[in-house]
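What follows is a single structure, written as structure tokens, with notes after it.
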Amino acid sequence: MASTGGSVSRPGSTRRTNVRWIMVFVAFLGLSINYIDRANLSVAVPYLDQDLNLGPGETGLILGTYVTGLVTAGFLAIVGGISYLVIVGRVEPLPTLEQTSRPGVS
């Protein structure tokens, strides 16, 4: 029998890779960024209220929109996969505070 010089893969055998550690690192990185965002937002809210003359209802709307965006992104990632989430995020960007106008605020 002639040797082909390569390794023979047997059916059912699997080779261990380090992909799981990359996934753990990416999950940790995402959770860290989320925590930093939430912490910075809680510190910035009083200054946003003061600079933009926001009332309690408008502040609640901003914070509620942030949480709603997180929940929606999580749902889209679960249902459609992360590639679907990236495609939807690129095609339909949400308006930012600079793009929305409020009467009386310049």
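The values are calculated or read from the model by the stated rules, or taken from the named source; none is laboratory data. Since the model is a prediction, treat every value here as computed from it, not as a measurement. Neighbour counts run over all protein chains shown; Cβ positions are idealised from the backbone, glycine included.
For G74, all conditions in the list (1) surrounded by 12 or more Cβ atoms within 10 Å (Cβ to Cβ); (2) under 19 Å from R38 (Cα atoms) hold save one; what is the number of the exception?
Here G74 meets the rest and fails (1).
Residues of the stretch 1-33 being modelled with pLDDT under 80 and either surrounded by 10 or more Cβ atoms within 10 Å (Cβ to Cβ) or among the hydrophobic types (A, V, I, L, M, F, W, C) (or both), which ones?
Result: M1, A2, V8.
Looking at S42 and the list (1) small (G, A, S); (2) at pLDDT below 85; (3) surrounded by 11 or more Cβ atoms within 10 Å (Cβ to Cβ), which single condition is not satisfied?
Of (1) small (G, A, S); (2) at pLDDT below 85; (3) surrounded by 11 or more Cβ atoms within 10 Å (Cβ to Cβ), only one is false for S42: (3).
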